[in-house]
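Written below as C-alpha cells is the structure these notes are about.
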Amino acid sequence: MDGANNQELSQESKVAPPVAGEAAAPPPPSASAKPSPPATRPAPNAAGAVVESASDPPVNKMRRRIVWAAVVGFLTTCFLMFLRFFLPRTIFEPASTFRIGSPGDYALGVDTKWQQQYRIWVTKTSDRLFVIYARCTHLGCTPDWKASENKFKCPCHGSGYDSEGINFEGPAPRPMDRAHVELDPEGQIRVDIARLYDWPKGESSDFDQPGAYISL
C-alpha cells in the first residue's frame, strides 16, 4: 500500500508548477460536452436568382406596345361608329336650307362666295337669279370658275360649262343641277340644296320650273 502511494506522489511531483505571469492552461474538455454544429447559410433561391438575372427582352416590350396600340385603335373605331349610328346626322352634315342675302347683294354674273361653305354658285342675269349646285355631272368633282374664260372647268376630267352651268365640252353628259330658291317674307334668298332641278340628256329641262330661279 505504501509503495503505491509513493508512486502517485512521485508522478504528481513531476508536474511543473505554473510560472508566475502565465495563464493557467485551460482544463481539458469534458467528455460530456458536445461541440456546437457549424453555422449554415441558407441555400440561394434558385427561382429568385433567375428572376433577378433575367431581364425583359426588348422584343417582348415592342410586342406589348403593338398589342395595346391595336386595342386602343379598335376601341376608338367602335366608339366613332357608335356616334355615327346613334347620333343625328345633323351633327355631321351642314343644313340643307340656308339664307344667302337679298338679290340686291349680287352683281350680274357669277358669285363664288358660298362655294366653300355650301358648294353653290349664285348666277344673276338681267331677269333671273338662280343657284348652281357645284358638282360636275360626270363623276361628281367640284369645278372651278374661270372668270377670265367665263366658264366653269372641272379639274378632274376637263368638263366645261358656261356661266349658267350648261355643259359644252368634255365628258359631262348634262348641265349642272340648280338648287331650289325662293324669297322669304323678309326679302332674303332662301336656298334648299336638298331640292335640285336638273336637265337630263335628251329630256326637257326643269330650269324653268317654279323654284328653280327668282324673277328680277
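What follows draws every value from the coordinates through simple rules; no lab data is involved. Only a predicted model underlies this, so the values are computations on that prediction, with no experimental measurement involved. Ideal geometry is used to build each Cβ from the backbone, glycine not excepted, and the neighbour counts take in all protein chains shown.
Within the range 184-216, the set of residues being within 44 Å of the chain's Cα centre (by Cα), without any contact (Cβ under 8 Å) to a residue 40 or more places away in the chain and over 12 Å from residue 137 (Cα atoms) comprises 195, 197, 211.
Scanning the range 122-169 for residues being loosely packed, with under 13 Cβ neighbours inside 10 Å, under 18 Å from residue 215 (Cβ atoms) and out of contact with any strand residue (DSSP E or B) (no Cβ under 8 Å at 6 or more places or on another chain) gives a total of 1.
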